[in-house]
Amino acid sequence: MSVNTSAVALGRMFGDTLQEARKAARRPDGRAVRQVDVAKALKRGTRDRYSRLERGRAWPEPDEWETICQVLNMSRETRARLEALIEAGREIADPWWREFEDEIPESLLQLVANEDAAQRITACAANVLPALLQTKGYAKALTAGLAGSVLTPLVVERSVELRRNRRRIFDKPNPATVEFIFSEAALRQRIGGKDVMLEQLDSLIEDGARRAVSIRVVPFTAPVPSTHVLHLLEFAGADDKPITAFDSITGMNFQKRPKEVREHRYYIEAMRSQALSHLESIALIKTIKKEMSSA
């Protein structure tokens, strides 16, 4: 992902450089400067605000920046580099997902940022549909059913809103090539009830006809099932290595090491070899819709 095309990437570079400057700084007693030391200088009760700066999740206000430079006794060279990043970051419109950063796990937002930058996306799922294909009704029923006991109704709504906004990648001027591979079970499980599921099946048929996506269903007749929720994200730049991401209960886990990415590719290829073609998959979805409508 190019650091010149995303405020998120610029923020990450700024945060890493700021953290390096703090770790190199020393207090008058010779000890290393801690985040809490900077927070106190900023007259903050906790280190949360400053921590967000070091994580590249916010840009400092002018008065904050002067204080930070003084506390870190920042060199002219480091200060100039950081200020160039601040200026560049502020000139780029914040990506739409920043409004969710205090509500949604950071690892999920990292997935969203990588989706936005990817040239090719392969999403594998098992008994539920990939998030990028989910309708609002389906996503809400799924989220509330699985996590409604620990999430407030507002958080459920925001989670669904984020999921739906991720579909913006389909409408970009040069959208990524996206392939979805999932089990037939995801089509037959009545998430949210019959009406919600019929709407979802209609949406899949429409996506398959109108969008540049490939929908591949692993049928019940396949000798092996689809078992993992896995994303492979590939980028245009020669230096941008592919990333795999997979769901866990606490968030998304990412893998960039070539060996692990290669093993994940093996799984994707195995599922692809078991799956129906795009046209066969759409035909199956239409058949299931007809069966469900008459049931």
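The values are calculated or read from the model by the stated rules, or taken from the named source; none is laboratory data. Predicted model only: the values in this text are computed from it and were never measured. Heads up, the Cβs are rebuilt from the backbone with ideal geometry, glycines too, and the neighbour counts pull from every protein chain shown. Please note that ligands, DNA and RNA were not included when accessible areas were found on the heavy atoms of the full protein model with its side chains. Shrake-Rupley method; radii C 1.70, N 1.55, O 1.52, S 1.80 Å.
In the condition set (1) part of a helix (DSSP H, G or I); (2) modelled with pLDDT under 90; (3) out of contact with any Leu (no Cβ under 7 Å at 6 or more places or on another chain); (4) under 30 Å from Gly251 (Cα atoms), Met13 is compliant with all but (3). Of all residues in the stretch 163-180, those that are in contact (Cβ under 8 Å) with a residue 60 or more places away in the chain have Cβ atoms under 8 Å from Cβ atoms of residues that are among the aromatic types (Phe, Trp, Tyr) and surrounded by fewer than 19 Cβ atoms within 10 Å (Cβ to Cβ), 6 or more apart or on another chain, in Asn165/Trp96; Arg168/Trp96. Ile205 meets each of the listed conditions (1) crowded, with 17+ Cβ neighbours inside 10 Å; (2) part of a helix (DSSP H, G or I); (3) at pLDDT 95 or above apart from (1). Within the stretch 102-132, the residues that satisfy the criterion of being crowded, with 19+ Cβ neighbours inside 10 Å and among the acidic types (Asp, Glu) are Glu115, Asp116. I'd like the full set of residues that are of a type in the set (Gly, Ala, Ser) and in a loop (DSSP other than H, G, I, E, B), limited to the stretch 70-109. The answer is Ser75, Ala93. If you go through the stretch 236-283 and pick out every residue that is open to solvent by 80 Å² or more (accessible area, probe 1.4 Å), farther than 11 Å from Arg216 by Cα, of a type in the set (A, V, I, L, M) and in a helix (DSSP H, G or I), you end up with 0. For the stretch 40-62, a residue qualifies if it is more than 26 Å from Val112 (Cβ to Cβ), in contact (Cβ under 8 Å) with a residue 12 or more places away in the chain and outside any loop (DSSP other than H, G, I, E, B), and exactly one does: Ala41. Per this entry, Val178 is not counted among residues that are open to solvent by less than 20 Å² (accessible area, probe 1.4 Å), more than 22 Å from the chain's Cα centre (by Cα) and under 17 Å from Ile282 (Cβ atoms).
Among the criteria (1) open to solvent by 80 Å² or more (accessible area, probe 1.4 Å); (2) part of a helix (DSSP H, G or I); (3) among the polar types (S, T, N, Q), the one Gln200 does not fulfil is (1).
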